[in-house]
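The values are calculated or read from the model by the stated rules, or taken from the named source; none is laboratory data. A quick note: this is a predicted structure, and the numbers were derived from the prediction, not measured. As a convention, Cβ positions derive from the backbone with ideal geometry for all residues, glycine included, and neighbour counts pool all protein chains shown. For accessibility, only protein heavy atoms count, side chains too; no ligands or nucleic acids. Shrake-Rupley method; radii C 1.70, N 1.55, O 1.52, S 1.80 Å.
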Amino acid sequence: MRRAVFPGSFDPITLGHVDIIERALPLFDEIILAIGVNSDKKYMFSLEERLRFLNETFKDEPKVKVDTYKGLTVDFCKRAEAKFILRGLRNTIDFEFERTIGQTNLKMADIETIFLISSSGKGHLSSTVVRDIKKNGGDISFLVPKAVVSKA
Ligand code: ADP
């Protein structure tokens, strides 16, 4: 089974994440959306909310599973029997950040990271911008899937 883990905070999931996940579906038998839990980090949406957003958004997609993990992503991948990590690239800043992590994960655990470049028109989407707009009372509906809008 060709299984990939897509790790992230998903605080909240955006249409940018959805773009990457949908385009990766033909490449894998299963994609696990894995919310990394970091107790030092402050999130806008609770873990339960973020889980619900992911589950609701992909409820009709049997190849997508949702999970949470603590600790190293590669350790989660081993437990999940996933040989691949999926990540999205928006720009050179993402690339520089991801390159080091991808190289380390390959060396550490022999896990390949598969990168998809955001579709045109999707590269400006980020969870940070969504949180800023929401904090200031703006409309986020054009940036996130329906599951997030209905709660936000
Ligand atoms: P993290 O906390 O690891 O940064 P995020 O949830 O912010 O987690 O992002 C997870 C992954 O989704 C990263 O690989 C990021 O580059 C990618 N991503 C986020 N937004 C987009 C987008 N608009 N287009 C492509 N990839 C994206």
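Here are the numbers:
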quantity	calculated
Set of aspartates and glutamates near Lys83 by C-alpha distance (under 20 Å), chain-local residues within fewer than 8 positions excluded	Glu22, Asp29, Glu30, Asp67, Asp75, Glu98, Asp110, Glu112
Whole-number accessible area per residue in Å² for the chain, which is evaluated in the context of all protein chains at 1.4 Å	57
Carbon/sulfur fraction of accessible area - the stretch 91-152, other protein chains in place, 1.4 Å, %	57
Rounded to whole Å, sorted largest first: equivalent-ellipsoid semi-axes of the stretch 75-149, Cα gyration tensor	30, 15, 11
Sum of -39500 (n - 2.57) over DSSP H runs of 4+, divided by residues of the chain (222 nm, nearest 500)	-12000 deg cm²/dmol
Sequence ranges 117-124, 67-74, ranked by mean other-Cβ count within 10 angstrom, highest first	67-74, 117-124
Residues of type lysines that Lys59 reaches as a straight line, Cα spacing below 18 Å, ignoring anything fewer than 8 places off in the same chain	Lys146, Lys151
Surface share of carbon and sulfur [accessible, 1.4 angstrom probe, percent] for the stretch 1-44	47
Ellipsoid equivalent to the chain - semi-axes via the Cα gyration tensor, in Å	24, 17, 16
